[in-house]
Amino acid sequence: MNDGSDAGVAAAYDARAAEYVALAGAIEQMDARDVTAIGRWRDSMPGVLLDAGCGPGHWTAFLARGVREARGVDLSIGFIESARLQHPDIAFELGSFRELPVATGSVGGILAWYSLIHTPPAEVREILAEFARVLAPGGSILIGFFDGEPREPFAHAVAPAYFWSADALAAVLSDAGFEVASSERRERMPGEVSIRPHAALIAHRRASSLP
């Protein structure tokens, strides 16, 4: 099944998990600018860090460097099995963004690195509200995504996916209880895993209330 449902996305990635791990399953295969940006964000966040859509766990392991506590969650059992094998000292759980296996207010930061791209646009606010639930007041989310015409689908190699822009995503984040702190965009360079324009933003959960 290759559709936009959780089951469809999980099945699509399970079918290509080994291929994905070989192509983009290690920090050394990631763009140095992303490593720097995510490392800077990691070091600015207190508390437990959650890698939402952890894939084979390379970013989770990066978040856990030093004395940090990090954990990963993903829909794909193939990814979770690979992550547990490669990083046995880190907790990885099979789960959906719609109901994270995490206690309310227990997480200091969430990394959602290209993991919201398969969520149908009308359902993104629901996911962000769930992220807000598990974040401590003032906690932060770092989202990576493909920059383009907001909510427009494109032919992703694994499963249906959608473009966003920083402005469009910021509006949805605001509705879900976040305030955007920063954003960035860049074109791709030769040798990167993807050719589509990259964008990322950081937003903080408003301390006043949950959405």
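The values are calculated or read from the model by the stated rules, or taken from the named source; none is laboratory data. Remember, it's a predicted structure, so these values are computed and weren't measured experimentally. Methodologically, a virtual Cβ is constructed for each residue, glycine included, from the backbone with ideal geometry; neighbour enumeration extends over all protein chains shown.
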Under 7 Å by Cβ, and 6 or more places apart or on different chains, what pairs join a residue from the range 154-168 that is over 17 Å from Asp14 (Cα atoms) with one that is of a type in the set (Asp, Glu)? Tyr162/Glu152; Phe163/Asp147; Phe163/Glu149; Phe163/Glu152; Ser165/Asp147
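Go over the candidates Gly139, Gly177 one by one and state the one that is buried (at least 18 other Cβ atoms within 10 Å of the Cβ) and either touching a Gly at 6+ places or on another chain (Cβ under 9 Å) or modelled with pLDDT of 95 or more (or both).
Numbers: Gly177 fails: either touching a Gly at 6+ places or on another chain (Cβ under 9 Å) or modelled with pLDDT of 95 or more (or both).
Within the list Gly139, Gly177, the selection yields Gly139.
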Are there any pairs, at least 6 apart or on different chains, whose C-beta atoms fall under 6 Å, with the first in the range 70-88 and in contact (Cβ under 8 Å) with a residue 60 or more places away in the chain and surrounded by 23 or more Cβ atoms within 10 Å (Cβ to Cβ) and the second part of a strand (DSSP E or B) and not charged (D, E, K, R), and if so, which? none
Flagged pairs (Cβ under 6 angstrom, 6 or more apart or on separate chains; first in the range 122-146, farther than 13 Å from Val180 by Cα; second in a strand (DSSP E or B) and of a type in the set (Gly, Ala, Ser)) are Ala136/Gly108; Gly144/Ala200; Phe145/Ala199
Can you tell me which residues in the range 39-79 are modelled with pLDDT of 95 or more, in contact with a strand residue (DSSP E or B) (Cβ under 7 Å, 6 or more places away or on another chain) and among the aliphatic types (A, V, I, L, M)? Val48, Leu49, Leu50, Ala52, Leu63, Ala64, Ala70, Val73
Considering only the range 180-211, how many residues are among the hydrophobic types (A, V, I, L, M, F, W, C), over 25 Å from Thr104 (Cα atoms) and surrounded by fewer than 13 Cβ atoms within 10 Å (Cβ to Cβ)? 3
